[in-house]
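The values are calculated or read from the model by the stated rules, or taken from the named source; none is laboratory data. Note that the coordinates shown come from a computational prediction; the quantities given were computed from them, not determined experimentally. Counting neighbours? That spans all protein chains shown, and the Cβs are built from the backbone with ideal geometry, glycine included. Accessible surface is based on the protein model in full, side chains and every heavy atom, while ligands, DNA and RNA are left aside. Shrake-Rupley method; radii C 1.70, N 1.55, O 1.52, S 1.80 Å.
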Amino acid sequence: MGRQVLYVVRERCTACMKCVFTCSLVKDGVLDPTHARIRVVGRGDVALDVDLCRHCDPAPCAEVCEFGAIKVVNGTVVLVQERCTTCKACMSVCPFGAITDSGGGALIKCDLCGGDPECVKVCPHDALIFEPPANLRHRIPNGPAEGIKELLGGR
Amino acid sequence: MRVVVIGCGVGGVEAVRNLVAAGVGEVKAVCGEWPPYTRHRLSEILRDGLPPTTASITLEPELLTKAEFVKGFATELRLGRKEVVLDSGEVLSYDSLIIATGGLPFIPPIKGAGLRNALPFYGMSSLKYLQSLPKGLRIVVVGAGLVGLTVASSLMSRGHRVAVFEALNHVLPSVMDEEPAKAVTAHLRDTGVKVFLKSRVEEVMGSSKVEAVRTSSMVWGSDVVVYAAGVKPRISLVEGLGLEMVGKAVRITQLGETSLSGVYALGDAAISYDYVTGKPVYRPLGFIAAHYARLIAEALAGKGVRDRGVIPTIYERVGGLDVIRVGLSASEAEGLGLTVDLRCSKGPAWVECFVREAGRTLVGYELVRSDPTKRNKGYEVVREVKEVYQ
């Protein structure tokens, strides 16, 4: 399968929070939004938005990490916990607030669940789509709407 | 090649890690405290009630087998013989030496500074002491830098009554310019922390233990005093050995070598270089130590290395605020000889400032926000500065 891109269709999000709780449960074994790598937020221009790592290319967080704790593996920006000293330099340059402090002495960020994101699987409203770009039109029959956000951009 | 690293803080451990990765011969590190830990986590650990062990630096099994960590303190350097003497009497020989002795907390030279219940917030022992205190104490924090404010917030959240005294006219004087700093002060006051600016503590009062602090204009009752007035290089080991210094810090080249061939220094013991101006600066921050740890290892591995310096990238949580600075503040830029233009704007839950050199190149960004959805534009500084100055 070719490269896949994570899209958020913001207009479809109902803030049901299934993605958030599933993420925290799968990743840290707890039902706690502070442990989720995905957040549902209210933002001025749209009623609801979904924040998570966009796996930028180039990735500012990886660029400034002096500890080699953020790596780009097959296009996915991954935080290597063992190397992270929580200096938070990455947080100072992330435009999307995608790296957070879980409160337990560790920073966390989305790693796309190794290429099969759990948040996408549980979204009941098709607000999260992880597909090759060519498939996008089939998933959104009326064509990409303005509320769509491409998270794995430029790869 | 035999390399000895003196010190096992973030910089020392990163030096070992990079030396091992680069395959630079035999690596030994002298560790005064064990296991190694990182100081910048201490305020969070205090705030969140976490065990002190969460500050420990992870040491991969490979690191423990490929490098030797010697517990003890270096007491003497014999540079001519290329030897390090430890407090145990053991002598380590080296071909290259890395001084990563770190820093020491600055304690103001004032009357009563050494009273019982007055201590710097610096290492593990101070964390454990503050964790052990019963709730409801009156605590004075001396200094409103990042350490002072984070520890003040943490103590507040632990149920103490906290007052911060800062000698200068705004909080975070070495991190932020005045306008965003005002937002931090207002937030702290909203959360119940007393903040006194332009208030230098001149005496810690008490007979056997702390009872109050005195400034030129007031006496403030206190049960505990916490010093957070900055860090100075820990350089007693190298004093008198002929190393060139910048102030009290060891002078290094842009690749980390001191004025003596084969002797390197990094972290809080040494200067670093500012990326924008290329000038030597003293910035005791862990990621800067890590930057030079990598450079030194690459240089010792014979790799052709060039480096211009470090762009500061600072994020800290102060109470309910994100405090972010990337690049230079206007005041630091001016101190480094730049002519800059500072433009700040405000929203209901944020203050954001852009620092431009000569009205053009973005050399600094400051953001204070309580609303996490406010976009952080810090990366624009990294991108622009690298394009212009690389």
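Summary of values
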item: Strands (runs of 3 or more DSSP E) lying entirely in the stretch B:154-247 (those with 2 or more residues that are open to solvent by less than 80 Å² (accessible area, probe 1.4 Å) and touching a residue at least 40 places away in the same chain (Cβ under 8 Å)); result: B:161-165, B:203-205, B:219-221, B:224-227, B:231-233
item: Criterion (within 14 Å of chain B (Cβ to nearest Cβ), out of contact with any Lys or Arg (no Cβ under 7 Å at 6 or more places or on another chain) and not hydrophobic (A, V, I, L, M, F, W, C)) met by exactly one of A:86, A:34, A:76; result: A:34
item: Some residue of the stretch B:364-384 being in contact with an Asp or Glu (Cβ under 6 Å, 6 or more places away or on another chain), more than 12 Å from chain A (Cβ to nearest Cβ) and not charged (D, E, K, R); result: no
item: Qualifying strands (runs of 3 or more DSSP E) (wholly inside the stretch B:103-149; at least 1 residues being more than 17 Å from the chain's Cα centre (by Cα)); result: B:118-120, B:138-142
item: Members of the stretch B:12-42 found to be open to solvent by less than 10 Å² (accessible area, probe 1.4 Å) and assigned to a helix (DSSP H, G or I), listed by number; result: B:12, B:13, B:14, B:15, B:16, B:19, B:42
item: Some residue of the stretch B:123-145 being in contact (Cβ under 8 Å) with a residue 60 or more places away in the chain, β-branched (Val, Ile, Thr) and not assigned by TED's automatic domain parsing to the domain that holds residue B:174; result: no
item: Residue that is most open to solvent (accessible area, probe 1.4 Å) [pool: residues in the stretch B:110-139 that are at pLDDT 95 or above and among the basic types (Lys, Arg)]; result: B:135
item: Flag if residue B:345 is open to solvent by less than 10 Å² (accessible area, probe 1.4 Å), away from chain A (no Cβ under 13 Å) and either of a type in the set (S, T, N, Q) or closer than 30 Å to residue A:50 by Cβ (or both); result: no
item: Residue B:386 being surrounded by 19 or more Cβ atoms within 10 Å (Cβ to Cβ), modelled with pLDDT under 95 and not polar (S, T, N, Q); result: no
item: Count - residues of the stretch A:92-116 that are open to solvent by 10 Å² or more (accessible area, probe 1.4 Å), within 14 Å of another protein chain (Cβ to nearest Cβ) and not in a loop (DSSP other than H, G, I, E, B); result: 2
item: Unique match (being farther than 16 Å from residue A:129 by Cα, open to solvent by less than 30 Å² (accessible area, probe 1.4 Å) and over 16 Å from the mean Cα position of the chain (by Cα)) among A:59, A:36, A:69; result: A:69
item: Residue A:89 being open to solvent by 20 Å² or more (accessible area, probe 1.4 Å), in contact with a helix residue (DSSP H, G or I) (Cβ under 7 Å, 6 or more places away or on another chain) and free of Cβ contacts under 8 Å to residues at least 60 places away in the same chain; result: no
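This table checks each residue for (1) among the charged types (D, E, K, R); (2) open to solvent by less than 30 Å² (accessible area, probe 1.4 Å).
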site: B:61; (1), (2): no, no
site: B:76; (1), (2): yes, no
site: B:82; (1), (2): yes, no
site: B:108; (1), (2): no, yes
